[in-house]
Amino acid sequence: MNYEFILTHIEADKVGVITLNRPKQLNALSTPLMIELGHALKAFDEDDQIGAIILQGSEKAFAAGADIQAMSQYNFSDVYKANFITRDWETINTIRKPVIAAVSGFALGGGCELAMMCDIIIASENAKFGQPEIKLGIIPGAGGTQRLPRAVGKARTMDMVLTGSMMNAHEALQQGLVSRVVAQDQLFAEALGAALTISSFSKLSVMAAKESVNKAFEGTLSEGMHFERRLFHSLFSTEDQKEGMDAFLNKRAPTFKNQ
Ligand code: DAK
């Protein structure tokens, strides 16, 4: 597939990088862009070389939300009948390798929701997160009212969702929405460092770890614990577990085979 609204490349033969590329529209997430994004994510997920994926925007905007120009034309029957953009937004949730959002500038509406669908968010100091849909006469539609409270709690979410106010990078770090804040010119290097670290581990344990943490957001604690225990036990059937522990005991670097 030829991409028009995103760019892709591979770093160090191990890290897939996707750059949202509609700079004039602040990376507004149109349907064609989301289809391309889904395609690129799947391609990197299926590529055995790739250990982790970075998703980034421009310096000014990670993404300023779904495309308001396109949405302004729709009425209820259009969006309900077509299950508006749902399928194009779900692909990222099916990706089994870690996806790191490197967020600079605006991450608003669907842009904030897209970042929250990633596994790790690393922000630059100028990053701004928000769910301003209320100003458009709608509400968040891709998880803003569900994932944001799980990250920052009800009080802060209600404030942002009901007033449309934004959260800056340092508050996002303090509140646990992002895991690291770095200077803008260090953002990609920081995300790449994290992605290369992840890529150095066994893909089996990396995928199991991602799956298990995500389970914490579904169901009860005891169900989550049970799930984690089963995955933990299953990793003892892998060569990589033997290799990782043998390497530690023999004070050498492990060579994982993803077996
Ligand atoms: N859509 C389309 N165009 C956008 C845009 C957007 N979301 N955001 C910005 N642009 C365009 C502007 O119209 C402008 O275009 P021109 O006038 O140059 O042609 C250009 O980008 C530059 O923007 P500004 O001139 O406004 O730049 P400023 O620096 O003054 O302001 C801003 C930056 C980010 C504060 C401002 O652009 C802004 O407030 N943008 C809109 C933010 C917003 O409301 N976002 C939420 C959209 S609703 C769903 C999935 C997702 C969603 C819903 C359902 N399902 C799976 C069901 C998501 C919904 C949304 O995201």
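Every number in this text was worked out from the coordinates using simple rules, so none of it is lab data. These numbers come from a predicted model, not from an experiment. Cβ: placed from backbone, ideal geometry, glycine included. Neighbour counts: every protein chain shown.
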Practice item. In square nanometres and to one decimal, what's the mean projected area of the convex hull around the Cα atoms of segment 39-86? Key: 5.1
Practice item. Please compute the net charge surrounding ALA151, taking Lys and Arg as +1 and Asp and Glu as -1 over other residues with Cβ under 13 Å from its Cβ. Key: +1
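Would you list THR157, THR8 from fewest to most Cβ contacts within 10 Å?
THR8, THR157
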Study note, to complete from the structure: Taking only the alpha carbons of the chain, the radius of gyration and the largest Cα-Cα distance, Dmax, both in angstrom, are 19.1, 65
Check your understanding: Using a cut-off of 27 Å between alpha-carbon atoms, which lysines can reach LYS81, once sequence neighbours fewer than 8 places away in the same chain are excluded?
Key -> LYS42, LYS135
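Test of the criteria: in segment 1-77, which trypsin sites (Lys or Arg not before Pro) are in a DSSP loop and have at most 14 other Cβ atoms within 10 angstrom of their Cβ?
The qualifying sites are LYS60.
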**Study point:** Length released on extending from LYS135 to ASN75, taking residue separation times 0.36 nm less the Cα-Cα span
**Key:** 19.9 nm
Exercise for review: Using 0.36 nm per residue of separation minus the Cα-Cα distance, give me the extension gain between GLN259 and GLN25 in nm, one decimal.
Suggested key: 79.8 nm
**Study point:** Unsatisfied cross-links (Cα-Cα over 19 Å) in the set LYS97/LYS203; LYS128/LYS210; LYS128/LYS215
**Key:** LYS128/LYS210; LYS128/LYS215
Check your understanding: Using Cα-only point scatterers and the Debye equation, what is log10 of I(q)/I(0) for segment 136-259 at each q in 0.13, 0.14, 0.16, 0.17 Å⁻¹, rounded to two decimals?
Key -> -0.80, -0.89, -1.02, -1.07
Revision key, fill the gap. Any aspartates and glutamates whose Cα falls less than 14 Å from that of LYS14, other than same-chain ones fewer than 8 residues away, would be ASP45, GLU46, ASP47, ASP48
Check your understanding: If you place +1 on the Cβ of every Lys and Arg and -1 on the Cβ of every Asp and Glu, how big does the dipole about the Cα centre of the chain come out, in debye to the nearest 20?
Key -> 440
Revision key, fill the gap. Here P(r) for segment 75-192, Cα-Cα distances in 5 Å bins, as whole percents, is 2, 12, 21, 23, 18, 14, 7, 3, 1, 0
